[in-house]
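Engineer: So that we are looking at the same thing, I have put the structure below in structure tokens.
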Amino acid sequence: MKLELDRISKQYGNKIALDGISLELQEGIYGLLGANGAGKTTLMRIICGILNPTAGEVKLNGTNNIEMGEDYRDILGYLPQDFGYYPSFKAKEFMLYMASLKGLESNYAKMRTEELLQIVGLSEVANKKVGTFSGGMKQRLGIAQAVLNDPKVLILDEPTAGLDPKERIHFRKLISSFAEDKIIILSTHIVSDVEQIADQILILKKGNLLTQGTVMELTDRVRGKVWECVIDNSELEQFSNKYSIVNQHIQNNQMIIRVVGDDEPDIKNKKVVAPTLEDLYMYYFHENEGRM
Amino acid sequence: MKELLGLELKKIYSSKLTFFVMLASLLITSFLYASPPLSEIAVDKNGKQYMGRQALELEKQYANEMAGPLTDEKATESIREFQKLFKNPDNVEISSDGEIALKEDANLKYVQPYYSYYKLINEAYILPSTVDMTFKTMQKLDIDNGANYYNARSIKISKMLNQEYEDWNFSPAEKNFWLGKTEKIQLPYEYGYCWGWDMFLKCGELLMVVILAICICIAPVFAGEYQTHMDSLILTAKYGKSKVIIAKILAAFLFGSIAFFIHAILALALPLAIAGTDGAGLPIQIINVICPYKLTMMSACVVLIITAYMVLLGMISLTLLLSTKLGTTFSTLIVDILIIFVPVFLSISETNGIWNHILLLLPYNALSTGIRDDYFAYFSYPLGNMVMDVMQVRVLLYIILAVILLPFTVKIFKRHQVL
């Protein structure tokens with residue numbers, strides 16, 4: 001199975017949201033990283049066929065996704081970043097409604113609904129109205145509906161939004177268990193969501209695909225460019241303006257900062273450390289630091 | 001599909017909006033259709049006033065005294081009786097305009113109880129679209145050779161069709177059409193009590209409340225999906241651009257139909273329960289002597305309900321289109337309300353017939369049967385040699401509207417972009 005993005009561009013008036021993105025995706029988990037406004041949601045909507053690109057096309061095994069119509073949607077699972085529910089529907093009813101929409105046979109739909117509600121930890125509230133659910137519960141229900149039809153292409157836009165740390169760990173396990181023979185694209189601006197489960201990381205910035213590769217390949221690009229430095233508390237503001245600081249904490253009354261950049265920081269007490277994906281993210285998005 | 005339809009239907013009926021709007025419209029409908037019979041006032045021959053059921057009983061008693069076939073002979077006899085009243089000096093006085101008029105007590109005793117009966121007779125002798133509330137025409141009518149009641153009716157119809165109008169003159173095809181219809185009406189008319197049916201026919205426009213209420217409930221069918229961002233999920237699902245749209249449309253029509261008939265039955269049942277079901281088989285000509293439609297009181301009510309239902313179907317279709325196109329429930333409702341209520345403030349033109357012919361088809365006006373008015377009862381739409389009456393055109397127009405708008409709704413939702 002091959003999902004191709006062929007020179008996808010999207011323009012809203014004078015604003016370019018996506019600028020000629022080309023990608024070829026095979027089975028595996030793809031983590032789409034980017035700051036808010038990078039174009040992640042736009043790209044995902046285009047892949048799902050609910051937003052037309054200004055130029056370019058999405059192809060599955062060589063066929064345009066829009067031309068495929070029902071056949072494409074049949075193998076698609078989608079969790080949008082922001083979506084509502086029918087408050088008067090019970091969780092089970094909502095799942096059965098989505099199952100009908102996805103064309104699942106009635107008995108199979110019931111069985112699958114029970115199974116998935118169990119997996120996402122909602123089986124005890126299956127007969128409760130969705131309107132009474134917390135944000136995290138709604139998000140889990142959203143994940144469950146996305147995989148109802150056992151999709152071959154699963155698009156998850158900010159799937160961990162609203163989930164607590166335990167739920168996020170559970171979610172990562174869940175995605176890993178679904179991943180076999182599927183193309184999963186998972187967009188997030190939370191690096192840890194994809195660091196452990198993504199086979200490939202795609203970094204999107206201002207509508208352009210900056211880079212892609214495995215976590216190892218990408219972190220190698222900033223190897224030797226990440227330092228841990230010890231500074232005085234009073235120097236923090238000065239260094240914050242000068243360097244891209246990934247992290248900071250106080251230890252034994254000393255301020256320890258983690259800096260990423262092409263230039264070695266002009267700090268006496270420093271050492272090169274092994275890079276992480278978060279360092280890479282900051283390397284590319286340091287001007288969006290405030291939004292992290 | 002059945003499951004989808006059921007769940008789409010549930011989305012409509014289980015919303016709080018639907019609950020409160022339906023509750024309100026049922027209460028309003030009950031009030032609007034129960035209050036006229038309950039507040040009906042009648043005065044007996046001694047001047048004693050009655051209200052509500054008692055008033056209706058009294059009216060029924062007086063109407064039953066005159067009930068039966070209104071033959072030429074009976075009309076002549078009734079006119080003679082009426083004229084005799086003026087020959088008794090105890091009954092008359094000279095009115096302010098110098099004419100002989102009945103004294104109040106004579107009027108109360110001999111005319112008022114049988115007002116609708118005398119009106120039915122008198123109407124045949126007056127010019128079309130004119131009124132004679134004191135029955136002066138009948139008072140002065142020469143009946144030495146009989147009243148020739150049905151001949152007078154035919155003359156009135158002929159005048160109606162042949163006189164010159166500033167807004168619209170009847171074409172030969174229209175004249176033939178109307179003459180053909182009037183010839184089919186069974187003579188003599190059967191007179192009797194039919195207050196409940198008559199009241200329902202008078203209040204056709206009130207059904208607009210029901211239509212508006214239903215439009216409010218279905219306005220979110222598509223717009224609600226956009227507003228809750230469920231459109232992303234629906235449009236990426238296998239049947240999100242096919243079956244679900246059909247299910248939504250069917251659910252809207254099904255909900256609208258059930259809600260409408262519950263309201264319509266309530267609206268008809270209330271006056272009939274209070275005023276009685278008498279008069280179902282009486283011809284509608286007893287409320288307008290030259291009315292060209294061969295209908296009984298009951299069948300006229302059915303025609304009104306069918307017409308209102310067709311208007312509803314057209315409005316549902318329009319609401320669904322607006323819901324997909326405008327994207328918010330609020331803007332959908334604003335346009336709906338404008339379409340429904342703006343015609344209330346538009347008046348008939350004395351010179352522009354085309355305007356009048358359009359005006360009578362607009363939703364609010366379409367709920368008025370027009371059968372009790374000479375001018376509106378003869379509203380026809382010629383297309384070459386083919387002529388259709390206003391009732392047929394309304395039904396046809398709203399069916400076409402209901403059908404023709406749906407493909408646009410489907411297309412717009414299918415092509416909806418999630419921005």
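Engineer: Within the range A:201-245, which residues are open to solvent by less than 30 Å² (accessible area, probe 1.4 Å), within 30 Å of A:Gly20 (Cβ to Cβ) and in a strand (DSSP E or B)?
Structural biologist: Passing the criteria: A:Ile201, A:Leu202, A:Ile203, A:Leu204, A:Thr211, A:Gly213, A:Ser244.
Engineer: Residues of the range A:109-124 being within 12 Å of chain B (Cβ to nearest Cβ) and either under 16 Å from A:Lys138 (Cβ atoms) or of a type outside the set (A, V, I, L, M, F, W, C) (or both), which ones?
Structural biologist: Across the range A:109-124, the qualifying residue is only A:Lys110.
Engineer: So which residues in the range B:405-419 are more than 14 Å from chain A (Cβ to nearest Cβ) and without any contact (Cβ under 8 Å) to a residue 24 or more places away in the chain?
Structural biologist: B:Pro407, B:Lys411
Engineer: Being more than 14 Å from B:Met391 (Cα to Cα) and at pLDDT 90 or above is the filter here, so list the residues in the range B:355-372 that pass it.
Structural biologist: B:Trp355
Engineer: Of (1) more than 14 Å from chain A (Cβ to nearest Cβ); (2) of a type outside the set (A, V, I, L, M, F, W, C); (3) over 25 Å from the mean Cα position of the chain (by Cα), B:Glu40 satisfies all except one. Which?
Structural biologist: (3)
Engineer: Given (1) part of a helix (DSSP H, G or I); (2) more than 14 Å from chain A (Cβ to nearest Cβ); (3) of a type outside the set (Lys, Arg), identify the lone condition not met by B:Gly98.
Structural biologist: If we test B:Gly98 against (1) part of a helix (DSSP H, G or I); (2) more than 14 Å from chain A (Cβ to nearest Cβ); (3) of a type outside the set (Lys, Arg), just (1) comes out false.
Engineer: Can you run down the residue pairs with Cβ atoms below 9 Å, 6 or more apart or on separate chains, where the first is in the range A:251-269 and under 19 Å from A:Tyr283 (Cβ atoms) and assigned to a loop (DSSP other than H, G, I, E, B) and the partner is open to solvent by less than 90 Å² (accessible area, probe 1.4 Å) and among the acidic types (Asp, Glu)?
Structural biologist: A:Ile267/A:Glu235
Engineer: Limited to the range A:97-108, what total is found for residues that are facing chain B (nearest Cβ under 8 Å) and not small (Gly, Ala, Ser)?
Structural biologist: 4
Engineer: Quick one: is B:Met1 surrounded by fewer than 15 Cβ atoms within 10 Å (Cβ to Cβ) and within 14 Å of chain A (Cβ to nearest Cβ)?
Structural biologist: yes
Engineer: Looking at the range A:10-41 only, could you name the residues that are within 14 Å of chain B (Cβ to nearest Cβ), open to solvent by 20 Å² or more (accessible area, probe 1.4 Å) and not in a strand (DSSP E or B)?
Structural biologist: Hits for the range A:10-41 are A:Gly13, A:Thr41.
Engineer: Go through (1) modelled with pLDDT under 90; (2) within 22 Å of A:Asp181 (Cα to Cα); (3) within 10 Å of another protein chain (Cβ to nearest Cβ) one by one and return the number of the condition A:Asn65 breaks.
Structural biologist: Among (1) modelled with pLDDT under 90; (2) within 22 Å of A:Asp181 (Cα to Cα); (3) within 10 Å of another protein chain (Cβ to nearest Cβ), A:Asn65 violates only (3).
Engineer: Here is a further query. What do you reckon, is B:Thr76 in contact with a helix residue (DSSP H, G or I) (Cβ under 6 Å, 6 or more places away or on another chain) and modelled with pLDDT of 90 or more?
Structural biologist: In short, no.
Engineer: While we're looking at this one, here's another question. I'd like the residue in the range B:115-142 that is in a helix (DSSP H, G or I) and among the β-branched types (Val, Ile, Thr) and, out of all such residues, is surrounded by the fewest Cβ atoms within 10 Å (Cβ to Cβ).
Structural biologist: Per the criteria, the residue is B:Thr137.
Engineer: Do we have any residue at all in the range B:307-322 that's in contact with a helix residue (DSSP H, G or I) (Cβ under 9 Å, 6 or more places away or on another chain), open to solvent by 60 Å² or more (accessible area, probe 1.4 Å), part of a helix (DSSP H, G or I) and aromatic (Phe, Trp, Tyr)?
Structural biologist: Within the range B:307-322, none of the residues are in contact with a helix residue (DSSP H, G or I) (Cβ under 9 Å, 6 or more places away or on another chain), open to solvent by 60 Å² or more (accessible area, probe 1.4 Å), part of a helix (DSSP H, G or I) and aromatic (Phe, Trp, Tyr).
Engineer: Which residue pairs have Cβ atoms closer than 7 Å, lie 6 or more positions apart in sequence or on different chains, and pair a first residue in the range B:90-105 that is without any contact (Cβ under 8 Å) to a residue 12 or more places away in the chain with a second residue that is of a type in the set (A, V, I, L, M, F, W, C)?
Structural biologist: Qualifying pairs under 7 Å: B:Glu93/B:Ala101; B:Ile94/B:Ile100; B:Ser95/B:Ala101.
Engineer: Now for a separate question. If the Cβ limit is 6 Å and pairs must be 6+ apart or interchain, which residue in the range A:44-58 that is facing another protein chain (nearest Cβ under 10 Å) pairs with which residue that is aromatic (Phe, Trp, Tyr)?
Structural biologist: Close Cβ pairs (under 6 Å, with a partner that is aromatic (Phe, Trp, Tyr)) amount to A:Cys48/A:Tyr78.
Engineer: Also, I was wondering about something else. In contact (Cβ under 8 Å) with a residue 60 or more places away in the chain, out of contact with any Cys (no Cβ under 6 Å at 6 or more places or on another chain) and part of a loop (DSSP other than H, G, I, E, B), is that true of B:Gly47?
Structural biologist: In short, yes.
Engineer: While we're looking at this one, here's another question. Taking the range A:68-81, which residues are over 17 Å from A:Ile185 (Cβ atoms) and either buried (at least 17 other Cβ atoms within 10 Å of the Cβ) or at the interface with another protein chain (Cβ under 8 Å from one of its Cβ atoms) (or both)?
Structural biologist: Within the range A:68-81, A:Met68, A:Gly69, A:Glu70, A:Asp74 meet the criteria.
Engineer: I'd like to check something: does the range B:238-258 contain any residue that is in a loop (DSSP other than H, G, I, E, B), under 30 Å from A:Ile50 (Cβ atoms) and small (Gly, Ala, Ser)?
Structural biologist: Yes, the range B:238-258 contains at least one residue that is in a loop (DSSP other than H, G, I, E, B), under 30 Å from A:Ile50 (Cβ atoms) and small (Gly, Ala, Ser).
Engineer: Now, a different point. Only one of (1) open to solvent by less than 60 Å² (accessible area, probe 1.4 Å); (2) in contact with a Lys or Arg (Cβ under 6 Å, 6 or more places away or on another chain) fails for B:Tyr189. Which number is that?
Structural biologist: (2) is the only condition that B:Tyr189 fails.
Engineer: Which members of the range B:8-29 meet the condition of being within 9 Å of chain A (Cβ to nearest Cβ), touching a residue at least 40 places away in the same chain (Cβ under 8 Å) and part of a helix (DSSP H, G or I)?
Structural biologist: B:Glu8, B:Lys11
Engineer: So which of A:Val222, A:Val273 is more than 20 Å from the chain's Cα centre (by Cα) and touching a residue at least 60 places away in the same chain (Cβ under 8 Å)?
Structural biologist: Among A:Val222, A:Val273, only A:Val222 is more than 20 Å from the chain's Cα centre (by Cα) and touching a residue at least 60 places away in the same chain (Cβ under 8 Å).
Engineer: Of all residues in the range A:97-131 being under 21 Å from B:Pro220 (Cβ atoms) and in contact (Cβ under 8 Å) with a residue 12 or more places away in the chain, which is surrounded by the most Cβ atoms within 10 Å (Cβ to Cβ)?
Structural biologist: Going through the qualifying residues, I end up with A:Met98.
Engineer: Quick check: anything in the range B:283-297 on the phi > 0 side of the Ramachandran plot and more than 14 Å from every other protein chain (Cβ to nearest Cβ)?
Structural biologist: Scanning the range B:283-297, I find no residue that is on the phi > 0 side of the Ramachandran plot and more than 14 Å from every other protein chain (Cβ to nearest Cβ), so the answer is no.
Engineer: Could you check the range A:190-199 and list, in sequence order, the residues that are of a type outside the set (A, V, I, L, M, F, W, C) and open to solvent by less than 50 Å² (accessible area, probe 1.4 Å)?
Structural biologist: Hits for the range A:190-199 are A:Ser192, A:Asp193.
Engineer: Can you name every residue in the range B:361-390 that is assigned to a helix (DSSP H, G or I) and open to solvent by 20 Å² or more (accessible area, probe 1.4 Å)?
Structural biologist: Listed by number, the residues that qualify are B:Tyr364, B:Asn365, B:Tyr375, B:Phe376.
Engineer: Quickly run through the range A:82-96 and pick out the residues that are assigned to a helix (DSSP H, G or I) and more than 8 Å from chain B (Cβ to nearest Cβ).
Structural biologist: A:Ala91, A:Lys92, A:Phe94, A:Met95, listed by residue number.
Engineer: Kindly indicate whether any position in the range B:149-161 is at pLDDT 85 or above, in contact with a Leu (Cβ under 6 Å, 6 or more places away or on another chain) and either farther than 28 Å from B:Ile41 by Cβ or open to solvent by 20 Å² or more (accessible area, probe 1.4 Å) (or both).
Structural biologist: Checked against the condition, which is being at pLDDT 85 or above, in contact with a Leu (Cβ under 6 Å, 6 or more places away or on another chain) and either farther than 28 Å from B:Ile41 by Cβ or open to solvent by 20 Å² or more (accessible area, probe 1.4 Å) (or both), the range B:149-161 yields at least one hit.
The values are calculated or read from the model by the stated rules, or taken from the named source; none is laboratory data. If you're wondering where the values come from, they're calculated on a predicted model, not measured in any experiment. Quick reminder, even Gly has a Cβ in these numbers, built from the backbone with ideal geometry, and neighbours come from all protein chains shown. Only protein heavy atoms, including side chains, enter the accessible area calculation; ligands, DNA and RNA are left aside. Shrake-Rupley method; radii C 1.70, N 1.55, O 1.52, S 1.80 Å.
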